[in-house]
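Okay, structure first, notes after.
Read-outs: derived from the displayed coordinates by stated rules, not from any lab. Bear in mind that the values here come from a model prediction, so they are computed numbers and not experimental data. All Cβ positions, glycine included, derive from the backbone under ideal geometry; neighbour counts span all protein chains shown.
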Amino acid sequence: MLAIVEISGEQFKIDGTTKTLRVPYMKDAKEGQEVPITNVLFNDGNSAPIATVLGHTRGEKVIVFHKKRRKRYRKTNGHTPRFTEVAIQF
């Protein structure tokens, strides 16, 4: 089975070995809630995939460094992205 779906504006490839996905943070999703996958771009099998929310996590810190040459300007910022763990079932 193979499917390509769009969740929260990003496309994900789901095959038979895919059990969980890390999708962009969905603030309205509660743990254990089923999330509708409305935009299925390609589906090889007969049944549509179903997504169940496992929980919310945070990724590794992303460092953002700005520099201007010869101007003595350096600035470091960063953020920790938030994700939603989703279990996929066919």
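List of remarks:
- Taking the alpha carbon gyration tensor of the chain, multiplying each eigenvalue by 5 and rooting it gives semi-axes of 35, 15, 10 Å, largest first.
- Lysine pairs within the chain, Cα separation less than 24 Å, 8 or more sequence positions apart or different chains: 7
- Residues Thr57 and Met1, FRET efficiency given R0 of 25 Å [Cβ-Cβ distance, rounded to 0.05]: 0.45
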